[in-house]
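The numbers here are math on the coordinates, done by the rules we state, and not lab data. Here the structure is a predicted model, which is why all the values come from computation and not from measurement. Don't worry about glycine lacking a Cβ; one is built from the backbone with ideal geometry, like all the others, and counts go over all protein chains shown.
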Amino acid sequence: MTATTLQPNEMTGLITIDAARCKGCDACKKFCPTGAIDGASGAAHSIDQSQCLSCGQCLMACPFGAINENHSALETVIQKLADKNTTVVGIIAPAVRVAIGEEFGLGAGELVTGKLYGAMHRAGFKIFDCNFAADLTIMEEGSEFIHRLHALVKGEDNAGPLPQFTSCCPGWVRYLELRYPSLLPHLSTAKSPQQMAGAVAKTYGANVYDMEPKNIFTVAVMPCTAKKVEASRPEFNSAWQYNKAHGDHAAEYADMDAVLTTREMAQLLRLLDIDLATTDEYRGDSLFSQYTGAGTIFGTTGGVMEAALRTAHKVLTGDEMPRLEFEPVRGLEGVKAASITLYDRALSQNVDIHVAVVHDMGHNIEPVLQEVLAGISPYHFIEVMNCAGGCVNGGGQPIDPSGSSWLAAL
Amino acid sequence: MNNKPYLFAESRFLLSRRKFIALGGAFVAALALPVGWFSQKLMQRNDYIKARSKGLYRDDATAMLRVSHANPAVEKYYRDFGGEPLGHVSHELLHTHFIDRTRLKS
């Protein structure tokens with residue numbers, strides 16, 4: 001019996017360093033949120049897999065292209081697309097639509113939702129926008145937050161503790177599980193949008209698509225490498241559990257069958273000779289492509305918080321937020337704090353809500369967590385994303401061709 | 001974590017031989033570059049992140065609906081299938097638990 005940081009069948013070894021190409025320049029170490037990279041300056045480095053979050057930030061920063069991403073599902077997905085008996089559902093994360101254009105010669109940040117839908121439709125995917133699942137996440141996570149807030153104000157202890165942490169970022173979740181298990185009750189129990197999307201696609205989606213759940217193959221398209229590890233967590237088979245309880249006898253299947261990064265989706269489209277830049281726009285084929293502005297900003301730092309506050313405002317006060325843009329949580333500052341006072345109809349009193357938004361987790365999270373551990377955190381709700389800038393700069397995104405990433409280490 | 005022995009051993013004198021060569025190389029390379037190159041690169045380093053975030057904020061600003069609770073598809077999901085947020089279907093499909101990874105054994 002040896003200690004491990006993995007559950008049975010969880011993916012490991014996703015990010016590895018090719019010793020033959022590593023020059024030992026140490027750029028990757030400056031980006032690693034857990035200090036999982038070993039090796040003296042000038043000697044080939046290696047990654048301690050027990051501490052690695054698989055966030056892929058080292059891979060983006062390596063000036064020598066010496067860091068490999070393993071476990072590609074590309075071939076499996078292409079086989080499934082060719083299989084007439086399988087419905088392949090493509091689940092598109094928010095940050096993909098403003099980055100994948102770069103792989104097809106479009107400018108950085110160009111919004112290509114319609115073209116991406118069109119290209120994936122041509123490839124044979126059903127379109128399921130993960131932004132729809134992000135909207136679901138807000139309904140669940142926002143309700144949970146209000147439940148906890150009310151318990152706090154009334155002095156009851158039947159709800160989870162505050163501050164509540166967001167739970168969308170798999171790098172952050174694994175970080176807390178590895179380092180601060182005593183703080184796990186602070187994490188929202190809401191699944192990430194990716195895992196909600198998988199569970200919904202194979203239950204409610206089976207009715208929408210009129211397909212048996214076992215013939216639905218879910219493919220998430222993510223700006224993130226850690227999402228692959230998240231999808232492999234053994235507890236994420238809730239659609240199978242649910243369908244079994246309702247009389248389905250199929251063999252076990254996961255909620256999310258495959259995860260492709262933005263880079264891999266671009267590769268898939270190129271393999272199928274589809275040029276995204278010249279593809280006609282497409283609007284989607286089911287209710288799963290309907291999403292709101294609140295869902296789409298999940299892909300940038302502060303977005304989850306802003307989306308949650310818009311809905312919390314409506315639920316608590318009964319009115320829509322007069323101005324939806326909530327500037328204090330936008331921008332690239334490491335820790336952004338803000339306060340908002342709302343009149344709570346249910347309690348007939350004003351409540352002050354203090355929130356914080358943390359990104360570039362490795363450099364910014366520790367002081368925030370120390371406050372929570374000491375019981376002196378001033379916040380009620382904290383959004384955490386591992387990558388600097390949020391998912392738009394995730395480890396699965398197109399790599400910035402200016403080759404200047406290592407400068408951040410200076 | 002960094003105390004592992006490596007294939008080569010070096011003296012503890014101020015700088016290791018490799019570190020000296022690396023610093024010397026970086027110094028010479030810096031001399032060969034115009035001064036503006038560094039400041040310009042440093043300033044532009046986050047431009048692609050800002051451009052992508054701007055793209056998402058534009059998607060939000062131009063959306064017909066901008067709040068999650070007004071998404072008709074979400075409403076339909078709860079009406080036809082999911083019941084209500086934090087309800088028992090949500091508990092089964094949309095919520096999870098977390099693992100204390102300091103206590104796992106293989």
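Using DSSP to define loop residues, name the trypsin sites (Lys or Arg not before Pro) in the stretch A:59-118 whose beta-carbon has at most 12 other beta-carbon atoms within 10 Å.
Passing both the DSSP loop test and the Cβ count: A:K84.
Candidate cross-link partners of B:K41 among the lysines, defined by an alpha-carbon separation under 20 Å and a same-chain spacing of 8 or more, comprise A:K30, B:K50. Here B:F81 and A:Q79 are evaluated by their C-beta separation; at R0 = 30 Å the FRET efficiency comes out at 0.50. For B:S90, neighbours were defined as the other residues whose beta-carbon sits under 12 Å from its Cβ, and their charges (Lys and Arg +1, Asp and Glu -1) total -4.
Once you average over the residues of A:188-201, how many Cβ atoms of partner chains fall within 10 Å of each Cβ?
Going residue by residue through A:188-201 and averaging, the value is 3.
Legend: calculated FRET efficiency, B:L65 to A:H150, from the Cβ-Cβ distance at R0 = 22 Å, rounded to 0.05, equals 0.25. Taking label points 7 Å from Cα along the Cα-to-Cβ direction, B:A26 and A:E320 give a separation of 5.3 nm. DSSP finds beta bridges in chain A, and of those with both partners inside it, around 40 percent are antiparallel. The GluC sites (Glu not before Pro) found in the stretch A:107-191 that occupy coil by DSSP, while having at most 13 further C-beta atoms within 10 Å, are A:E156. Within the stretch A:144-226, none of the chymotrypsin sites (Phe, Trp or Tyr not before Pro) combine a DSSP coil assignment with at most 14 other C-beta atoms in a 10 angstrom radius. Estimated from the Cβ-Cβ distance and a Förster radius of 22 angstrom, the FRET efficiency linking A:H354 and B:D100 is about 0.20. Taking 0.36 nm per residue of separation and subtracting the Cα-Cα distance, full extension of the segment from A:Q370 to A:H249 would add 38.8 nm.
Measuring gaps between exposed loop sites in chain B (chymotrypsin sites (Phe, Trp or Tyr not before Pro); DSSP loop; at most 16 other Cβ atoms within 10 Å), the longest gap, sites not included, is B:14-106. The stretch B:38-77 and the stretch A:328-391 have Cα centres separated by 20 Å. Charged neighbours of A:E333, selected by a Cβ distance under 14 Å, balance to 0 (K, R count +1; D, E count -1).
Each part reduced to its alpha carbon centroid, the stretch A:136-169 and the stretch A:199-278 end up 28 Å apart. With helices as the sole contributors, chain B gives -15000 deg cm²/dmol at 222 nm; each DSSP H run of n ≥ 4 counts as -39500 (n - 2.57), and the sum is divided by every residue. Between B:R58 and B:H88, the distance separating the two model label sites (each 7 Å from Cα on the Cα→Cβ line) works out to 4.8 nm.
Taking chain A as a whole, the Cys residues whose C-beta sits 4.7 Å or farther from every other Cys C-beta are A:C22, A:C25, A:C32, A:C52, A:C55, A:C62, A:C130, A:C168, A:C169, A:C224, A:C387, A:C391.
Report the residues of the stretch A:182-207 in range of a label on A:A3: point 7 Å along Cα→C-beta, backbone N strictly under 15 Å from it. Counting only backbone N, you get A:182. Under 20 Å between alpha carbons, and skipping anything fewer than 8 positions from A:K23 in its own chain: which lysines qualify? Those lysines meeting the cut-off are B:K4, B:K19. Packing-based ranking of A:284-292, A:188-196, A:385-393, A:43-51 yields A:385-393, A:188-196, A:284-292, A:43-51, ordered from highest to lowest mean Cβ neighbour count within 10 Å. Peptides A:302-311, A:266-275 ranked from most to least packed by the mean count of surrounding Cβ atoms within 10 Å: A:302-311, A:266-275.
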